[in-house]
């Protein structure tokens, strides 16, 4: 063995010597040619042993020498580019790993932009484009026995993955487009596929291979946050390749299994995001979750509980993946149990952001879709217990979307565990949220089966068409000849608007307020009762005097009115009537209503109604130009027609304005104007009627909130009402802008806010924050500074704290808004001072 | 594209006739040649008066009082001369002579039914004409030869049929070219909701359909298309046809929003159909397709009758004492 290596060594040493000393192109070319024999590409290749020795021992050194010689003059020694070609060939044809390492070393070693650096970068680009990276990786997949191999692999790994960074650092602005991460990683993805293809081929040939290097490359790339670039190439290709090849599937599984633990999460995130569905995920990952503890943790814990960033389709493919194999199914059941536990925990309902709650609910629904009847029966008791717990805390929440989530999930769970029993049914409005959630559990056909079902209906439709035609023909032939009915078209018979064609109610509406009251209070005649309720608002506006005589009694009746007949618009009618009475006689009614708010025997709904009525009435009272309105309230019971703008927008009732428009236009066209003056309609000014009564609305509400009564505990369970109260107070404050009472109101409100500022309920906090904004908007800036300086300072630090730390998006946003208002006030005051 | 254009708002009446001082129960446009120069509308009211309205001046030009303050339920002009028939609840059917400004009762027939059934005439332009009136027995219809007032026959349902009282009548005959001798036929809407086709010459029931749940309140027939329509106290409007050898068949049922149809009328050009609703609304349909075209909400009380003029004008009389006159889809 001794003489042979020395021969190679000698010739290499000689060649290195020649290269470093000679300036003669011919000499250099022949020397390079002789070394090239060892690469095995020349006409008379060297012995296998020599080749191997050259490749393992001398190649790197030789390449380093080549790199060191690289300069413009040296390459120009042979003008026809032969030397350059030969020089390149060593890098592109020799063992890829060494060539790559030497090149990277050269790139890193160079101090700054230079000819040599550029040349090496170009060579590296060629290296990439010629698929040498695949060769590099496939080399690493072969079984290796060399010592120091792990170290080499480690270096290679960091260089392969860090290539864009290294080149970016060195080349700065001269960087080539191929080395931008967004271009490099897709290429790397393709190279990985190539390497895997070779692996599959050699496995077919019975050779042993290991994909661990590729796994590590993948893991490292993903850790760097480049999942999207690399997996958007890899996953679709692998999806196709694994479709009918068991070998490819095994290689894929292996690839995923060998990803290092620290990279597992990043890789799995990428796979879940890129996979188009549970089947794909299942093909690509196999039973990874069962075999790998880390993967199991990531898939069943981290994705579901610690994060909430997966979109619904991703969540579907993740949970679908868990459901697809009998070994993984226990994990799905386990996940459902844990999800339900989280869903049902009152602390998570209270503290988790809405988006996460929605995520958990979505996951639960998807799990339920995947689980079969027997599996659900096994865990039925747990499901039921979790559901009961969860519904309770969801319904307690003061945020509507959270309540809706609770209702929807509970409906679905109960329908799954008691499919035969009477369905649980909540009442909630049809919203985007509810539609999306319910769409998850709707028996939607899977992608492929819908395409199969899509086929058959077409055929009957086609066959049906001629039949219909013949039927139609039969009808027309049955018509008496000479009838011109088939000839005339329907074009001249354009239907008129028929929206006014509604069902008729036959009953007499009362004409006097007192009759109305009597009908509402004692009447047993249901139709009369309904008619009275419908007529009341109009009556009140038309007869303010007689309303004032009975206002408090009327409000009392309305407040205790119950929907006896499931009247469609009962809530709205009652509310409008209450508002009408309050607006007509604000002081007395407001006094009554506010006193009743803290009284003993009312339901929460009634209390909230009181708050709503107060807000709406205050809004109506403070509306400028309000006094002109009552005349338009003429028609009794026609709620929708009370405002003239609405009437215009309705085509059905637009006849009167239509002719007015026509007439006005005609007048305009016939009138000559010499000059265009100011616009004719000016806003007429009128006193703010809310000003004199704002105190009646506001102060009694702030008085007793901290004194619980038996049926009503604002600081305890009835936080929903407290939230409404804070919002109402904020609105009243806002509506009292430009009134003299605004300053004491602001003071009282700030005190109120201060007491409650750390309330646990999101809705209450939101109300408080908007109330702060109202104070800032309504109280004049000078008075704010003069009368409430300490409060403002304290509020400011509180707001800053909320804006930074609050769990709820809405709260943070409101706090930021209030801070901005505060800044503006300061900005307005500072220049003057 | 057409669906995107919002439908036009319902039209307003062309004019309104006021002054009957009681509910309007019956309407009839003046037919014949004199209608061209002097268009007239006749109305019969609850108070027993028949008003003659000039459609040019839109005023009542004469009031006929011949029913002793008993409600007039039917008015009809005769085609040949200036004569008018009016039927009142005083059990009189009066024939008025209106020629040259006269308004005198020239003849009257004593009716024997106290019901609300409107009579029907069949006058082919000859001197003789046929009249169908509710008969003596509660379920009978009597056919009279006019002007001689000779009773032709009495149509009495079979003993076991029990259709109740006749509610509305419609006389017509098959067109002469189909049959050498004219065969008068009678359509009767009965109290039990059935529509029956009688052959008068053979005095037997040709066909019978039970198409309504409630009593039939009004029917009209289009002899050109051999199709008819009936409305009842219920919610549906039924279109039926007379096929082949005089057999009735239901063609379609149209559901209405509110129950109660007092009267139906097909426009003389067989293009549109109007109904008088108890819900104060007049509904207009396309006669061939039965597509709803308009809902005219003008009246404040139930509409009792609708009538079309030969020129396409539509009149509706209501319990609110007004007669509204409409011009819808008028022909060019």
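The values are calculated or read from the model by the stated rules, or taken from the named source; none is laboratory data. Note that the structure is a prediction, hence the values are computed from the model and not measured. Don't worry about glycine lacking a Cβ; one is built from the backbone with ideal geometry, like all the others, and counts go over all protein chains shown.
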Report whether or not residue B:120 is under 26 Å from residue B:46 (Cβ atoms) and either modelled with pLDDT under 90 or under 18 Å from the mean Cα position of the chain (by Cα) (or both).
yes
Could you tell me whether residue B:253 is within 14 Å of another protein chain (Cβ to nearest Cβ), more than 17 Å from the chain's Cα centre (by Cα) and surrounded by fewer than 18 Cβ atoms within 10 Å (Cβ to Cβ)?
no
From the option list A:233, A:211, single residue qualifying as at pLDDT 85 or above and out of contact with any strand residue (DSSP E or B) (no Cβ under 8 Å at 6 or more places or on another chain) is A:233
Residues satisfying the stated conditions in the stretch B:212-250, i.e. surrounded by fewer than 22 Cβ atoms within 10 Å (Cβ to Cβ), outside any strand (DSSP E or B) and away from every other protein chain (no Cβ under 14 Å):
B:213, B:214, B:215, B:233, B:234, B:245, B:246
Wholly inside the stretch A:108-198, helices (runs of 4 or more DSSP H) that include 3 or more residues that are out of contact with any helix residue (DSSP H, G or I) (no Cβ under 8 Å at 6 or more places or on another chain) are A:149-171
Scanning the stretch B:280-298 for residues that are under 19 Å from the mean Cα position of the chain (by Cα) and within 9 Å of chain A (Cβ to nearest Cβ), which turns out surrounded by the fewest Cβ atoms within 10 Å (Cβ to Cβ)?
B:286
Tell me, yes or no, whether the stretch A:469-491 has at least one residue that is within 14 Å of chain B (Cβ to nearest Cβ), closer than 30 Å to residue B:272 by Cβ, at pLDDT 60 or above and surrounded by fewer than 17 Cβ atoms within 10 Å (Cβ to Cβ).
yes
Looking only at the stretch A:295-316, count every residue that is within 22 Å of the chain's Cα centre (by Cα) and under 15 Å from residue A:256 (Cβ atoms) and tell me the total.
2
For the stretch A:507-593, which helices (runs of 4 or more DSSP H) that fit wholly inside it have 3 or more residues that are within 50 Å of the chain's Cα centre (by Cα), farther than 18 Å from residue A:612 by Cβ and in the same structural domain as residue A:612 (by TED's automatic domain parsing)?
A:526-542
Please work out if residue B:264 is away from chain A (no Cβ under 14 Å), touching a residue at least 40 places away in the same chain (Cβ under 8 Å) and surrounded by 22 or more Cβ atoms within 10 Å (Cβ to Cβ).
yes
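Residue-by-condition table, conditions (1) outside the structural domain of residue A:394 (by TED's automatic domain parsing); (2) surrounded by fewer than 17 Cβ atoms within 10 Å (Cβ to Cβ); (3) at pLDDT below 90; (4) in a helix (DSSP H, G or I):
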| residue | (1), (2), (3), (4) |
| --- | --- |
| A:730 | yes, no, no, yes |
| A:739 | yes, no, yes, no |
| A:760 | yes, yes, yes, no |
| A:763 | yes, no, yes, yes |
| A:772 | yes, no, no, yes |
| A:784 | yes, no, yes, yes |
| A:816 | yes, yes, no, yes |
Go through the residues of the stretch A:697-717 one by one and say whether even a single one is out of contact with any helix residue (DSSP H, G or I) (no Cβ under 6 Å at 6 or more places or on another chain), outside any loop (DSSP other than H, G, I, E, B), buried (at least 18 other Cβ atoms within 10 Å of the Cβ) and touching a residue at least 12 places away in the same chain (Cβ under 8 Å).
yes
Selection from the stretch A:111-138 of residues that are surrounded by fewer than 19 Cβ atoms within 10 Å (Cβ to Cβ) and touching a residue at least 60 places away in the same chain (Cβ under 8 Å)
A:113, A:131
Condition first: outside the structural domain of residue A:598 (by TED's automatic domain parsing), part of a loop (DSSP other than H, G, I, E, B), in contact with a helix residue (DSSP H, G or I) (Cβ under 8 Å, 6 or more places away or on another chain) and at pLDDT below 90. Can you find one or more residues in the stretch A:746-754 that meet it?
no
Quick one: would you say residue B:328 is surrounded by fewer than 24 Cβ atoms within 10 Å (Cβ to Cβ), within 22 Å of residue B:58 (Cβ to Cβ) and at the interface with chain A (Cβ under 9 Å from one of its Cβ atoms)?
yes
Residue among A:410, A:363 that alone is without any contact (Cβ under 8 Å) to a residue 40 or more places away in the chain and part of a helix (DSSP H, G or I):
A:410
Exactly one of (1) surrounded by 15 or more Cβ atoms within 10 Å (Cβ to Cβ); (2) within 21 Å of residue A:513 (Cβ to Cβ) is unmet by residue A:587. Its number?
(1)
For the structure I just gave you, tell me whether residue A:385 is within 24 Å of residue A:318 (Cα to Cα) and not assigned by TED's automatic domain parsing to the domain that holds residue A:716.
no
